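Here is the structure we will look at, set down as structure tokens.
The values are calculated or read from the model by the stated rules, or taken from the named source; none is laboratory data. It should be emphasised that the depicted structure is a prediction, and the values quoted were computed from it without experimental measurement. Counting neighbours? That spans all protein chains shown, and the Cβs are built from the backbone with ideal geometry, glycine included.
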Amino acid sequence: MNEIQSHAKTQRRQETGGVADETLGDLASLREPNVSLHDLPAEHWLADEHPQEECGVIGLFTPEEDAARLTFFGLFALQHRGQEAAGIAVSDGQAMSLYKNIGMINQVFRQETLDDLHGQLAIGHTRYSTTGSSSIRNAQPFVIETIHGPLALAHNGNLVNSADLRAELMRQGVGLSSSSDTEVMTMMLARNHGATWTDRIRSAMSRWVGAYSLVILTRDRIYAVRDPWGFRPLCVGVLPNGGFAAASETGALQTLGCSAIRDVQPGEIVAMHRRALVFMQALPPVEPAAMCIFEHIYFARPDHVWDGLNVHHVRQRLGEELAAEATPEADVVIPVPDSSLPAAVGFARVAGLPFNDGFIKNRYVGRTFIEPTDSLRKRGVALKFNVIRENVAGKRLVVIDDSIVRGNTTGPLIRLLRAAGASEVHVRITCPPIAHPCFMGVDMGAYDNLIAHRRSVEDICAHIGADSLHFLSLDGMMRAVGRSEGFCQACFTGCYPVPVDLRTVKTGFERGIAR
């Protein structure tokens, strides 16, 4: 199949949908025990508390088999980083093919889809929208033809100067079809001067301000690129068959059997081709770095190792620091699944209290905070949790969670516990209050949406109906990661590592695009 035919087939699939009908599991199983959100008034079926995810990227060269299938399984290991859209672009050394669509990995890709994606080089992306709304035109990777050959790009992060860069491209007569900053980056690379793709990437990096961990596919190479601040994670490793891979998290590389895994360093370009991995420091790393602390608090899988720190162990230490700061008189410690489980174990150990499950999470419902609309969030949360009455009735509970953003879900969960007979509910949060929005690729909402920007801790406690509430201190959080610097703390402090436009919203480009 030649390149034109491949793109035409991809376009036909996108126009006709391409996503099979699937359900979220047997809903009857959610109505059995004990107390459910269905027992509460409809106005309490509210949005999840947590910050919205970023994205997951993967790129690989495999010398002995089609890369699309390995990319699919690597993306599967990154599904937690985005559930709105997914895509894979492949190259056979001559032509490039693409398939992407709205939905989760197993909805977007089928056997016949992967069979049409031939080549030993591939990049993939699973998306939660940061800049740009959730729509097919913003799905990644972006693929274009250039005078240097085909180019595909997948991006995790957010450029804070993307509006200026986009306006500059449009003044130059460049047509843009999406509202994504990733398309801006792709077009800039296509227009850049330079003898090699490495030269063009390095030149573009000097103008990009903000968070970007990229996988870039050309006709015969893959490039893994990380911004000089190091906001988002990206790592590389060696495949068992002698190929190479890059991904957002070490867990995805381990799923593929990679060895010799290491981080792509801030400001570094790593080139993967048939002969070797080539490392080049394109820009000097910013000191101190500005790694996103929420990777450790919430986003990353527990098996991820970033900059030498295991996420599971960091989360346990967050719980230990929280217990040292504020252990109430209580009978049992329970987590809000899943990211708070290690923290609850650490809290219980230091506090000398029993640990137990209080909530049962329905595994067939996706991570509902990914859903982009309020109506979908409401429906998802209503299906997400049940309470084990026997574990909470008559008990004073310490409830461990990782964050409170909008202040909408914690209250209903507390009411669930009280309806199940809990005598006291003390809430402990493994990070400081989130009082400022993120502009580097995490969708936390604007100032008006952040409850900690509008209310004191005492007011939040009253709002959610807890007997007490404590957020981990900034110092306690940094003790847990074992560093005094090197992490972005802007959502807590309002001190951003790069200049930001406080008026920016993630759908800001949408207003100038025809529907």
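Count of the range 452-479 residues, restricted to those that are touching a residue at least 12 places away in the same chain (Cβ under 8 Å), farther than 20 Å from His426 by Cβ and of a type in the set (A, V, I, L, M, F, W, C), is 1.
Filtered by the rule that a residue be aliphatic (A, V, I, L, M) and either assigned to a loop (DSSP other than H, G, I, E, B) or buried (at least 16 other Cβ atoms within 10 Å of the Cβ) (or both), the range 458-490 gives Ile460, Ile464, Ala466, Leu469, Leu472, Met477, Met478, Ala480, Val481, Ala490. Among the residues making up the range 335-357, those that are more than 24 Å from Gly251 (Cβ to Cβ), touching a Ser or Thr at 6+ places or on another chain (Cβ under 9 Å), not in a loop (DSSP other than H, G, I, E, B) and not aromatic (Phe, Trp, Tyr) are Val350, Ala351. For the range 172-184, the criterion of being more than 20 Å from the chain's Cα centre (by Cα) and at pLDDT 95 or above is met by no residue.
Do the conditions hold for Thr182, that is, is it out of contact with any Ser or Thr (no Cβ under 9 Å at 6 or more places or on another chain) and either surrounded by fewer than 24 Cβ atoms within 10 Å (Cβ to Cβ) or in the same structural domain as Val270 (by TED's automatic domain parsing) (or both)?
Details: out of contact with any Ser or Thr (no Cβ under 9 Å at 6 or more places or on another chain): no; either surrounded by fewer than 24 Cβ atoms within 10 Å (Cβ to Cβ) or in the same structural domain as Val270 (by TED's automatic domain parsing) (or both): yes.
Answer is no for this residue.
Only residues that are modelled with pLDDT of 85 or more, surrounded by fewer than 24 Cβ atoms within 10 Å (Cβ to Cβ) and outside any strand (DSSP E or B): list them for the range 118-149, please. Listed by number, the residues that qualify are His118, Gly119, Gln120, Ile147, His148.
Matching residues to (1) surrounded by fewer than 17 Cβ atoms within 10 Å (Cβ to Cβ); (2) touching a Cys at 6+ places or on another chain (Cβ under 6 Å); (3) outside the structural domain of Ile216 (by TED's automatic domain parsing):
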site: Ser248; (1), (2), (3): no, no, no
site: Ser259; (1), (2), (3): yes, no, no
site: Pro266; (1), (2), (3): no, no, no
site: Ile269; (1), (2), (3): no, no, no
site: Arg275; (1), (2), (3): yes, no, no
site: Cys292; (1), (2), (3): no, yes, yes
site: Ile297; (1), (2), (3): no, yes, yes
site: Arg315; (1), (2), (3): no, no, yes
site: Ala323; (1), (2), (3): no, no, yes
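Being on the phi < 0 side of the Ramachandran plot and surrounded by fewer than 24 Cβ atoms within 10 Å (Cβ to Cβ) is the requirement here; does Ser213 meet it? For Ser213, the condition - on the phi < 0 side of the Ramachandran plot and surrounded by fewer than 24 Cβ atoms within 10 Å (Cβ to Cβ) - is not met. Remark: Thr373 matches the filter, which requires a residue to be farther than 25 Å from Arg428 by Cβ and at pLDDT below 85.
Checked against the criterion of being part of a strand (DSSP E or B), basic (Lys, Arg) and under 20 Å from the mean Cα position of the chain (by Cα), the range 87-101 has at least one qualifying residue.
Among the conditions (1) at pLDDT 50 or above; (2) part of a loop (DSSP other than H, G, I, E, B), the only one that Gly25 does not satisfy is (1). Being touching a helix residue (DSSP H, G or I) at 6+ places or on another chain (Cβ under 6 Å), of a type outside the set (Ser, Thr, Tyr), within 28 Å of Asp181 (Cβ to Cβ) and at pLDDT 95 or above holds for only one residue in Cys431, Cys488, Cys438, and it is Cys431.
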